[in-house]
Each structure stands twice: as C-alpha cells, then as structure tokens.
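Here's the structure we're looking at; comments come further down.
Every read-out reported here was derived from the displayed coordinates using simple, explicitly stated rules and does not represent laboratory data. Just so it is clear, the structure is predicted and the values come from calculations on it, not from any experiment. Note that each Cβ is placed from the backbone with ideal geometry, even for glycine, and that neighbours are counted across all protein chains shown.
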C-alpha cells in the first residue's frame, strides 16, 4: 500500500473510504486564504487574486503556514462572472472580490464563448495549479474550485431577477441557462485536472435552502449537478451554504462524492441520510470557532465533528480572512491526533 | 362593475400569487370604483403580504415567491399612489436598513424591507456594501427608531459590531434599537455584540420590530 500521503488520505476520505486511511483528512477545499498568511508570505489581497506569483505563494501558504493537507484555488467566487463580462469590486486585504455589475439582461442573451477557459483569470488559476503540482509533486492534493451554476446565474443576471424568473419563466429555460453554465464549469475542471488538480469543489452558495425550495433543488439543480458529475472523472465535493438539511435526500442523488455542510447541518444526521452514498465534510464553525473562538474551542468542535463521523475535517464555510493562525492550525492538529471514528 | 369586496379579494389574491397583471387590473378597478387607495395599500396590501409572510414561515413559500408577491404589490402601489390621501396624524416608526460594508448579498435585507414596508413602517434602505459610518449618519438624520444590519458573509459580520460601537461612542445607543440578521449571524453572537435582537427571518422581523419600537418609546425619554 505504500506510505500514506496527504493526497492519498484526502482522496480516500473525500470518496467515503476513510477507513482505508489512517485518520480523517484535514484538506480544506473551500477558501484557505487569511490575512495572517498574506502577511507571512507577502502576498496580500487583492493582488494575490490577479498576480500569478503572489497567487502561487498564497495558495502554497495553506500548507506552508497553516499545515492544511492540500491546496485550493482560487480564493474568490468571481472568476466565472468576470470571464463572462461582469465588473468586479476587487476588495482589499481582508475582503474577497465581489461581483459589481451583471453581464446579461435576459436568459436568452446568455452566450458562453467557446474559448471561455482562456478568458479572464481561468489561465492564471490553471497555471498556478500546474506549478503547485510541479513543486509539490504527488504528495499533496490540489482542489480546483468552481462557482456553481446557480451562483454564477445570480452573478451574471442579478440574483433577484433570476429568482423571479424561476417562477415566471418555463423551467426548461432556467435549466437550459444553468446547463450552459455547467458546461463552462466542466470545461474549467477538465483543464484543471489536466494541469494537475486532483479534486473538484463546486461551491454553489446561492443555491441555499435559505432561498430555494427543496423541490426546486430536486427538480432543477440535481439534474444539472448530475450532468456535471457524469462528465468529470475526479472526486467532487459540493458546498452549499446555510441549513441544507432539507436538501440531504436529494444531494444523495447528485452523483458527487462529498457534501460540504455549513454549521446549521448536523453532521451525524447528514451521515445518516447520505449513508454510503456520499462523504460528509466540514465540521468546524467558521464564526464561533475559527474567527472568534480559541484553539481550545476549535479543537473541541473538531473532535465533536470527528466523533459524529465527519469524513474530512474543514471549516464549515469559506474561512473569514481575519481568522487567527493559531485557531486555523488547531483544526489541523485536531485531525492529526485523532483516528477516524 | 365589481363590488368592493371582489376588488379587495382580487387584489389580495393577485399579490399572494405574485401575479402582476392581475394586481394591475384590480388596482385600476379600484380606482374606477372610487375605493380608498390609502386603505387598499396599507390595510389590504399589508394583509396580503402578511399571508405571504405566513406561507414563507411555514415553508410553503420560498424567496422567489416572496419576491414575486412584492413585485405584484409594487405594481398596485404605483397605480394607486396618485390617488392616495395620506393620513398624517400617525407617525410610523422609522427603520434604517442596510447590508454592512464588504457584503453585497442583499436578498435578506430586501425581504425585511418588503415585510416592514408592508406592515406600515417607514423604511430607509441604505442598500448594500454600506460604509459603516453611514448607519450612524443616516439614523441621526432621519431620527431612526430602529437600525437593521445584515451580512451574509462571515467575513463581513464584524462590521456590525463596529457600527454598534459607533452608536455607543457617539452617546446615542439608547436612541435606537438595533437588529441584525443574515445567514451566519446567530442570536448568541448578536446579543454578544450588543444588538437588541436577531429575528430569525424576514417575517419574524415585523413582530420583533413592533415590540422593539414599543419598548423604545416607553423607555426613551427624548427622541433624537
């Protein structure tokens, strides 16, 4: 079987095979960048989102500074919207870029250029993934994150407009637009996997059950996700913010490998519903533990999550940039000294 | 010609169903029938949104349905407004709302605005990505009773704490009640930063704000 490396462990844990690993992985497939790391490697936001050298350094800091067992790119959720023509607010050192203007007035206007992955910051992301693979060899896993179809739709059309269309327009038109965005996601992922990524993370925060009905998730989102799963030959983690408990039965049908849950979802319950179909990852609350807690609070949350059966330990959502390093590190330490339960 | 009852029920149903065309039709019928536009909007529009509110609470409705209902209400309000004789004797409470700096997620805030406006509050919407200082400035300017802040991102939540400190430092914290909300904002955290309440969703905000305003008016000596 050979030596257990962080990459082997991560791939086992994210595909529901943690018992074949020595312990749970502590590979954060959501955002890893914090201000502390930016200062430590001299690669601050917003530049680190645009400059390949700074982007590489900040991505590597996840392992070098915090000890997270893998890398994840990019640090924001705007690459897709930007490549499709939205203007961004680039934020500042403790603030991720955000989408400022929408790109299309109507569903029918949506066109995705054939060479989309050569546009905007897609090449930068793939280039850094390739460099990470070259520098760190096969020891550590690399996650390529894409912004999920629903969230991108919100960015390019305007979320309120798009939500109203989900009621006023034929559902087929909505699905068609989401499917076009999914095609772009797939093209991005295929290139990332070719360049060195091992894992796909689909972050679709806007598809939250705080906004959408479980029926919409089942009837519209699940088929879109299934089409993505079928086309990608790598472990896929889906992240949805908020209380996704009502989605759990349908998430099981997506064909993805792991579901990254926010704090409001009980991990033991998620494990029970998803059973053998999917791994459940997350477990450490970003606000109460990582941002405002202490290393002890983080460790307690981590141990509880492991005891409830979490398959890979990571923050429950994107890491707040002001998270103290000692708290972030405490999460890794907790994973290192625990066996799976 | 439709009866008053038919018009009222038609309008309410149109709003609850988020049907803009029907809302426009019934609003025009109301004018033709000489009904009281002010009463239609404040009383029956409010009643319709309260039904929407209940459906949202019971998870029969989700955000898209609420947005459609608000649009239908707005269509009716636009048609009825020129015919409204405003009652100036009652002063509604003023609520200043905004999404804190760094955060552009404003659906939650917009829902709260829809619900509070429908319940008769005077809502001043600062929009999204609002510079923190602006909450204090606006609250002073409009003599706000309640200040509401929203954040969807854990990264921007600390801004709420800063705004509350600004009110304290300016010595005006007792002039207003502060509510906070948004996905990652827990009640525990809200109270720990000195907010007065964290309504669990937009529909709950109406009841919470009513209570807070009553409390404020009973304990606050001088207004701004």
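Before moving on, here are some points about what is shown:
- Shape of segment B:117-224, Cα gyration tensor, a/c cut at 1.5: rounded
- Size descriptors for segment A:289-341: radius of gyration and Dmax over Cα atoms are 10.4, 31 Å.
- Here the scattering of segment B:4-83 is modelled by Debye summation over its C-alpha atoms, one equal scatterer each and no solvent; at q = 0.15, 0.17, 0.18 Å⁻¹ the log10 of I(q)/I(0) is -0.43, -0.55, -0.61.
- Span from the segment B:25-76 Cα centroid across to the segment A:77-149 one, whole angstrom: 40
- GNM top mover of B:95, B:208, B:142 - chain B, alpha-carbon springs below 10 Å: B:142
- When the P(r) is computed for segment A:190-317, the part past 23 Å accounts for 32% of the Cα-Cα pairs.
- MRE, 222 nm, helices only [DSSP H, n ≥ 4, -39500 (n - 2.57), over chain A, to nearest 500]: -12000 deg cm²/dmol
- Bridge type composition, the protein assembly as shown - antiparallel percent by DSSP, nearest 5: 5
- Computed over segment A:217-276, relative contact order equals 38 percent, with contacts defined as Cα pairs under 8 Å that lie 6+ residues apart.
- Mean sequence separation of contacting Cα pairs (under 8 Å, at least six apart), scaled by the length of chain B, corresponds to a relative contact order of 17 percent.
- Against chain B, whose longest principal axis comes from its Cα atoms, helix B:158-169 is set at around 80 degrees.
- Taken as Cα centroids, segment A:281-340 and segment B:109-176 sit 32 Å apart, rounded to the nearest whole angstrom.
- Relative contact order [Cα under 8 Å, 6+ residues apart], segment A:6-336, whole percent: 20
- Measuring r between the beta carbons of residue B:38 and residue B:173 and using R0 = 41 Å, the FRET efficiency lands at 0.70.
- For peptide A:207-219, the mean count of partner chain Cβ atoms within 10 Å of a residue's Cβ comes to 3.
- P(r) tail, segment B:62-146: Cα-Cα pairs separated by more than 17 Å, 57% of all pairs.
- In this simple spin-label approximation, residue B:133 and residue B:214 carry label points 7 Å from Cα along the Cα→Cβ vector, and these lie 3.9 nm apart.
- Simple label model, 7 Å out from Cα along Cβ direction - residue B:223 to residue A:3, nm: 7.3
- Between helix B:46-57 and chain B: long-axis angle, C-alpha atoms, 0 to 90°, nearest 10: 60
- Computed from Cα positions, the angle between helix B:20-32 and the longest principal axis of chain B comes to roughly 60 degrees.
- The mean number of Cβ atoms from other chains found within 10 Å of a Cβ in peptide A:159-167 is 5, as a whole number.
- By the count of neighbouring beta-carbon atoms within 10 Å, fewest first, B:192, B:165, A:316 end up ordered B:192, B:165, A:316.
- Over chain A, equivalent-ellipsoid semi-axes from the Cα gyration tensor in Å: 29, 23, 19
- Whole-Å semi-axes of segment A:1-97's equivalent ellipsoid (Cα gyration tensor): 30, 16, 10
- Note on residue A:304 and residue A:17: the model spin-label points, each 7 Å out from Cα along the C-beta direction, lie 3.2 nm apart.
- For chain A, built as a Gaussian network whose Cα springs stay under 10 Å, the top-fluctuating residue of A:97, A:205, A:170: A:170
- Highest-MSF residue in chain A out of A:283, A:242, A:137 [GNM, Cα springs under 10 Å]: A:137
- Modelled FRET efficiency - R0 35 Å, residue B:29 with residue A:119, Cβ distances, 0.05 increments: 0.10
- Shielding score for A:286-293, defined as the mean number of other chain Cβ atoms within 10 Å: 4
- Normalised by 2.2 N^0.38 Å, where N is the number of residues, the C-alpha radius of gyration of chain B stands at 1.06.
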